[in-house]
1. How much of the accessible area of the chain, in percent, comes from carbon and sulfur atoms when a 1.4 Å probe is used?
2. Quick one: which residues, 5+ away or cross-chain, put their amide H under 5 Å from the amide H of V47? H built at 1.01 Å from N.
3. Rounded, prolate or oblate: which one fits the chain, using the alpha carbon gyration tensor with axes a ≥ b ≥ c (rounded when a/c is under 1.5, else prolate when a/b beats b/c, else oblate)?
4. For the residue pair A39 and I20, what label-to-label distance in nm results when each label sits 7 Å from Cα along the Cα-to-beta-carbon direction?
5. Between T6 and R46, what's the calculated FRET efficiency when r is the beta-carbon distance and R0 is 25 Å? Round to 0.05.
6. For the chain, what is the relative contact order in percent, using Cα pairs closer than 8 Å and at least 6 residues apart in sequence?
Amino acid sequence: MLPVVTLLEEAAFHGQPFDIGTVFVHSANPTGAATVVQALTRWNYRVRRATA
């Protein structure tokens, strides 16, 4: 999961963010999910935490 987040962050850092719509984060690890949501939100990606 984190390699994808890194790729998205790097693209945004270089001024070429991916146009991907909404990212739904689904994880059994609440801390990990919060980290992903925080990182992507920082780069203005639309992110939602999916809950089961």
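The values are calculated or read from the model by the stated rules, or taken from the named source; none is laboratory data. Quick caveat: nothing in here was measured; it's all calculated off a predicted structure. Neighbour counts are summed over all protein chains in view; Cβ atoms, including those assigned to glycine, are modelled from backbone coordinates with ideal geometry. Areas reflect the complete protein model, heavy atoms only, side chains present, ligands, DNA and RNA absent. Shrake-Rupley method; radii C 1.70, N 1.55, O 1.52, S 1.80 Å.
1. Working: 2230 of 3920 Å².
That fraction is 57 percent.
2. Distant-sequence amide H within range of V47: V23.
3. prolate
4. Simple spin-label model gives 1.1 nm for this pair.
5. Values: r = 18 Å, r/R0 = 0.73.
Given R0 = 25 Å and the Cβ-Cβ separation, E is 0.85.
6. On the way: 49 pairs, mean separation 20.1, N = 52.
That works out to 39 percent.
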